[in-house]
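Below: one structure, written as structure tokens.
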Amino acid sequence: MRLLRIVALIEGLSFLLLLFVAVPLKHLAGIAEPVLILGPLHGIAFLAYVRLVSRLAIEQDWPRRRALRLAAAGLIPFGALFALRSLPSE
Amino acid sequence: MPDYTLLKILHMTAAALVIIGVLLSSFTVAKPPAAARLASIRRWDRFVTGPALGAVWILGIIIGLSGNWFSSGWLPVKLVFVLILSALHGMQTGGMRRLAQGEAVPAFLRFSPYIALVSIAAIVLLASAKPF
């Protein structure tokens, strides 16, 4: 569960930085480099997050609804971290 | 940026290892083998398939950026199938761990080979034909 929290944090943080820093920099200031770095980082973090949620859902016999909610939360900035709060601590 | 052809060779090699590993895991969770064989399949999954999947993600993104493929329509569709295959592999890894502990796996995992084959076929088709 600790690994899931770490991956969720990276996923959420990279999504926020991408949306509110890198994309405005690209479109308002013409600086494209942050998108080129944060875009791939967020893509890999999202894949890793969904894969980890899928693994833990089977391994720990989660209800299907919880697994789907956690996976879908990855689509919202920091949604994954909020969704993780609903899980038992360990 | 590294040589594009070299990146593609590495990406396809890693993808071949993922295909082998996911299909192997698919048949393992669909029809569980004896304990000794399960242990060796889990070792393969941990030391070969898992790292190969990570390499596929990273190399795929580098290739997408260096070839300017992210503006193409086929790539987002391919990424959906990559996501499905990655999630399936996660479920298989969890399922094999349950099998190793003597527990049953969820019944829907018996469809693993079909989901894997459809996803692999779609990825190969989209990456090679680049239809749109």
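We did not get these values from a lab; they are worked out from the coordinates using the rules stated. From a predicted model like this one, the values you see are computed outputs, not experimental measurements. Heads up, the Cβs are rebuilt from the backbone with ideal geometry, glycines too, and the neighbour counts pull from every protein chain shown.
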Segment B:94-103, subset without any contact (Cβ under 8 Å) to a residue 40 or more places away in the chain and more than 18 Å from the chain's Cα centre (by Cα), residue nearest to the other protein chains (Cβ to nearest Cβ)
B:ARG98
Need a quick list: helices (runs of 4 or more DSSP H) entirely within segment B:1-93 having at least 1 residues that are more than 15 Å from A:ILE44 (Cβ to Cβ), in contact with an Asp or Glu (Cβ under 8 Å, 6 or more places away or on another chain) and within 12 Å of another protein chain (Cβ to nearest Cβ).
B:4-30
Matching residues in segment A:18-53 - criterion: being under 19 Å from A:ALA72 (Cα atoms), surrounded by 18 or more Cβ atoms within 10 Å (Cβ to Cβ) and away from chain B (no Cβ under 12 Å)
A:LEU18
In this structure, does A:LEU13 turn out to be within 14 Å of chain B (Cβ to nearest Cβ) and aliphatic (A, V, I, L, M)?
no
Looking only at residues that are of a type outside the set (Gly, Ala, Ser) and touching a His at 6+ places or on another chain (Cβ under 9 Å) in segment B:1-45, which one is farthest from B:GLU103 (Cα to Cα)?
B:VAL18
Within segment B:1-60, of all residues that are polar (S, T, N, Q) and touching a residue at least 40 places away in the same chain (Cβ under 8 Å), the one nearest to A:LEU36 (Cα to Cα) is B:THR49
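If you check B:PRO106 against the conditions, is it surrounded by fewer than 18 Cβ atoms within 10 Å (Cβ to Cβ) and facing chain A (nearest Cβ under 7 Å)?
Here the answer is yes, as B:PRO106 does meet what is asked.
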